[in-house]
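The values are calculated or read from the model by the stated rules, or taken from the named source; none is laboratory data. None of the values given here were measured: they were computed from a predicted structure. Here the Cβ is made from the backbone with ideal geometry for all residues, glycine too, and neighbour counts use every protein chain on show.
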Amino acid sequence: MTRQERAGILCVGLLALGVVALAPATRAADTALHLVLTPSQKPTDLLAAGTEFGRAVGTLVGASVRVTVASDYAAVIEALRNRTADLAFVHPVGYVLANREAKATIVARNLWHGKSAFTSRVFVRRDSGLSRLEDLRGKTIAFVDPASSSGYIYPMVLLVQRGLVRNRDPKTFFREVVFSGAHDASMRALLNGHVDAIASFDLAREQYLTDPAERERITWVAETPPIPEAGIAARVGLDPAMVARVRAALLQIRGPAYAALLKRLYEIDGFAPADDHDYDPVRAAMDLLGVRPR
């Protein structure tokens with residue numbers, strides 16, 4: 001084989017490699033995904049972390065990922081229903097609603113403090129003299145959102161099962177009921193004496209109160225059964241190949257490389273495989289409260 005023939009073969013090979021190398025970049029430029037975040041904490045902080053998370057996912061998937069924060073829990077489901085969002089971080093009840101109302105599918109499940117489940121607790125101030133759930137009769141409580149798993153649905157099921165709330169109406173037990181819109185806002189309202197109790201996830205005190213003295217002022221009087229962690233859902237009609245690529249990317253995003261980012265995002269550790277049947281207990285809780293698609 002002559003030098004010219006060898007050079008020609010080498011040139012063709014390099015061109016072929018160049019085409020292969022350029023293919024992912026072309027896909028990334030042509031493909032854009034929209035990821036919506038559930039507003040469970042301060043939106044500005046969440047958006048900053050979410051934007052960085054979107055870049056990380058986009059790099060692994062080979063697509064640009066635009067990130068926005070929904071105005072409330074219902075807006076997340078609406079975005080999946082209207083297909084204005086391709087992906088969304090959803091809490092457990094949010095996923096069930098999105099599956100029922102928008103035919104969304106779960107992509108991957110959060111890992112939080114090494115677990116794929118958590119509980120809801122009813123918190124009070126330690127100096128309030130309140131020590132049992134029954135002591136809250138006639139008191140004020142802050143829930144998070146009517147669609148919040150740990151901030152409303154599961155604690156309400158507990159109250160109904162204890163015979164404290166009638167007709168699925170929390171005002172049959174509490175003097176006043178408010179919705180704070182976010183877990184950190186509920187914790188701050190309790191600490192500042194604006195309400196007598198709040199319902200939130202089991203480690204809300206540790207997550208939102210960094211001052212040990214403030215943490216010491218808060219205790220809890222009741223706890224629900226375990227709630228399956230949710231994670232990221234995909235809208236109906238999203239290309240199955242893209243869903244598979246997103247799932248594979250999410251399973252790669254964990255510590256130590258992504259530990260700091262995941263902590264800032266939702267205080268999670270990473271992601272685990274998930275199946276729709278994981279959320280059957282959530283469906284049962286929602287059915288007990290009569291939560292139905294609109």
Does the stretch 132-146 include one or more residues that are in contact (Cβ under 8 Å) with a residue 24 or more places away in the chain, part of a loop (DSSP other than H, G, I, E, B), touching a Leu at 6+ places or on another chain (Cβ under 9 Å) and surrounded by fewer than 19 Cβ atoms within 10 Å (Cβ to Cβ)? yes
Test Ala189 against the stated conditions and say whether it is modelled with pLDDT of 95 or more and within 24 Å of the chain's Cα centre (by Cα). yes
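Against the definition (charged (D, E, K, R) and more than 23 Å from Leu262 (Cα to Cα)), how does Arg126 come out, yes or no? Even if it seems obvious, please write down each step before you answer.
Values: charged (D, E, K, R): yes; more than 23 Å from Leu262 (Cα to Cα): yes.
Considered against the rule, which asks whether it is charged (D, E, K, R) and more than 23 Å from Leu262 (Cα to Cα), Arg126 comes out as yes.
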Determine which single condition Arg66 fails, assuming it passes every other condition in (1) assigned to a helix (DSSP H, G or I); (2) touching a His at 6+ places or on another chain (Cβ under 9 Å). (1)
If only one of Asp269, Asp280, Asp275 is over 20 Å from Thr51 (Cβ atoms) and without any contact (Cβ under 8 Å) to a residue 60 or more places away in the chain, which one is it? Asp280
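Is the stretch 211-220 home to any residue that is part of a loop (DSSP other than H, G, I, E, B), surrounded by 15 or more Cβ atoms within 10 Å (Cβ to Cβ) and among the acidic types (Asp, Glu)?
Initially, the stretch 211-220 is screened for residues part of a loop (DSSP other than H, G, I, E, B), giving 211, 217.
This time we only want the ones that are surrounded by 15 or more Cβ atoms within 10 Å (Cβ to Cβ), so: 217.
With among the acidic types (Asp, Glu) added as a condition, the list becomes none.
So far as the stretch 211-220 goes, no, none of its residues is part of a loop (DSSP other than H, G, I, E, B), surrounded by 15 or more Cβ atoms within 10 Å (Cβ to Cβ) and among the acidic types (Asp, Glu).
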Test Leu158 against the criterion of being over 20 Å from the mean Cα position of the chain (by Cα), assigned to a loop (DSSP other than H, G, I, E, B), more than 24 Å from Tyr266 (Cα to Cα) and assigned by TED's automatic domain parsing to the domain that holds Arg217, and give yes or no. no
Among residues belonging to the stretch 196-220 that are closer than 20 Å to Thr140 by Cβ and of a type in the set (Lys, Arg), point out the one that is farthest from the chain's Cα centre (by Cα). Arg217
Tally the residues that are more than 15 Å from the chain's Cα centre (by Cα), closer than 23 Å to Leu47 by Cβ and surrounded by fewer than 16 Cβ atoms within 10 Å (Cβ to Cβ), restricting the search to the stretch 253-282. 4
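Tell me which helices (runs of 4 or more DSSP H) are completely within the stretch 222-294 and hold 1 or more residues being of a type in the set (D, E, K, R) and at pLDDT below 95, or say none if there are none.
Values: elements: 240-252, 259-266, 280-289.
The qualifying helices (runs of 4 or more DSSP H) are 259-266, 280-289.
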Residues of the stretch 73-115 satisfying the condition of being at pLDDT below 90 and assigned to a loop (DSSP other than H, G, I, E, B): His91, His113, Gly114
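Yes or no: the stretch 128-146 includes at least one residue that is charged (D, E, K, R), in contact with a helix residue (DSSP H, G or I) (Cβ under 8 Å, 6 or more places away or on another chain) and more than 20 Å from Glu229 (Cα to Cα). Spell out the reasoning first.
Filtering the stretch 128-146 down to residues charged (D, E, K, R) leaves 132, 134-135, 137, 139, 145.
Among the residues that remain, those that are also in contact with a helix residue (DSSP H, G or I) (Cβ under 8 Å, 6 or more places away or on another chain) are: 145.
Still in the running and more than 20 Å from Glu229 (Cα to Cα): none.
No, every residue in the stretch 128-146 fails to be charged (D, E, K, R), in contact with a helix residue (DSSP H, G or I) (Cβ under 8 Å, 6 or more places away or on another chain) and more than 20 Å from Glu229 (Cα to Cα).
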